[in-house]
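One structure follows; several queries about it will come next.
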Amino acid sequence: MKQPITILGIAGSLRRQSYNRGALRAAQELVPEGATLEIFELDGIPAFNQDDEQNPPAKVAELKKRVRAADAILFVTPEYNYSVPGVLKNAIDWASRPYGDSAWDGKPAAIMGASMGNIATARAQYHLRQSMVFLNMFPLNRPEVMIGNAADRFDANGILTDETTKGYIRRLLEALVKWTRQIQTTEIS
């Protein structure tokens, strides 16, 4: 029997009714058999300060511990000003420091995001992929999940109601589990 895969989900928005947080909650319900999806909330992570990287705040230490314990990462990012939101970039920076002690190193990852616009979070997702090069993460290339016109896909409580979108997320998670197993097999060989 295959070992279960633990995915750590991180939404790049602090807003409670965020479509991205709603998409992450939906993903938690759509995760395939043989995997679990845990959510880490970014609330309370202070701005990165290199003076504190040797002795990080408790919330940062918890983030690094949770990232290290996970088999894979699911980033759910909004797009702010054509890029990744500051709160997400800040968390990524904290968990990558100090230099040589990155919790992200070697982690498989998937990205998705929701937005009010037609092209969803395409630019933010591509910027996040660029960061993964330095972080030595292994992003899943396909499928891409960019949830455009989000107001039409979620109800007033932030619950994803669109069945087509749920199917996209389900396929992304299935692919992430398969990708993670491939990487784990390669590491063991």
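The values are calculated or read from the model by the stated rules, or taken from the named source; none is laboratory data. These figures come from a predicted structure and were not determined experimentally. All Cβ positions, even for glycine, are placed from backbone atoms using ideal geometry, and neighbour counts span all protein chains on display.
Here are I39, I5: which of them is more than 21 Å from G148 (Cα to Cα), touching a residue at least 60 places away in the same chain (Cβ under 8 Å) and not small (G, A, S)? If you could, list the steps in order and put the result at the bottom.
Details: I39 fails: touching a residue at least 60 places away in the same chain (Cβ under 8 Å).
Exactly one of I39, I5 is more than 21 Å from G148 (Cα to Cα), touching a residue at least 60 places away in the same chain (Cβ under 8 Å) and not small (G, A, S), namely I5.
With the checklist (1) modelled with pLDDT under 95; (2) within 14 Å of the chain's Cα centre (by Cα) in hand, flag the one item I10 doesn't pass.
Just one mismatch for I10, condition (1).
Related question: Considering only the range 47-75, state which residues are among the aliphatic types (A, V, I, L, M), more than 18 Å from A35 (Cα to Cα) and crowded, with 16+ Cβ neighbours inside 10 Å. Quick ask: steps written out before the conclusion?
Pass one, the range 47-75, residues among the aliphatic types (A, V, I, L, M): 47, 58, 60-61, 63, 67, 69-70, 72-74.
Subsequent filtering for residues that are more than 18 Å from A35 (Cα to Cα) retains 47, 58, 60-61, 63.
Of everything in the range 47-75, those that are among the aliphatic types (A, V, I, L, M), more than 18 Å from A35 (Cα to Cα) and crowded, with 16+ Cβ neighbours inside 10 Å turn out to be V60, L63.
Name the pairs whose Cβ atoms lie under 9 Å apart, with the first residue in the range 174-189 and at pLDDT below 90, the second not in a helix (DSSP H, G or I), and 6 or more positions between them or separate chains?
Pairs that qualify, where the first residue is at pLDDT below 90 and the partner is not in a helix (DSSP H, G or I), are E187/G106.
Continuing with the same structure: For the range 13-39, what are the residues that are in contact with an Asp or Glu (Cβ under 7 Å, 6 or more places away or on another chain) and either crowded, with 23+ Cβ neighbours inside 10 Å or at pLDDT below 95 (or both)? Before you say what the answer is, go through the steps one by one.
Taking the range 13-39 first, the residues in contact with an Asp or Glu (Cβ under 7 Å, 6 or more places away or on another chain) are 14, 32.
Matches in the range 13-39: L14 only.
While we're here: Anything in the range 159-180 that is surrounded by 15 or more Cβ atoms within 10 Å (Cβ to Cβ) and either more than 18 Å from the chain's Cα centre (by Cα) or part of a strand (DSSP E or B) (or both)? List them, or say none. Before the answer, list the steps.
Step one: of the range 159-180, the residues surrounded by 15 or more Cβ atoms within 10 Å (Cβ to Cβ) are 160, 162, 165-166, 168-177, 179-180.
If the condition is that a residue be surrounded by 15 or more Cβ atoms within 10 Å (Cβ to Cβ) and either more than 18 Å from the chain's Cα centre (by Cα) or part of a strand (DSSP E or B) (or both), then L160, D162 are the ones that fit.
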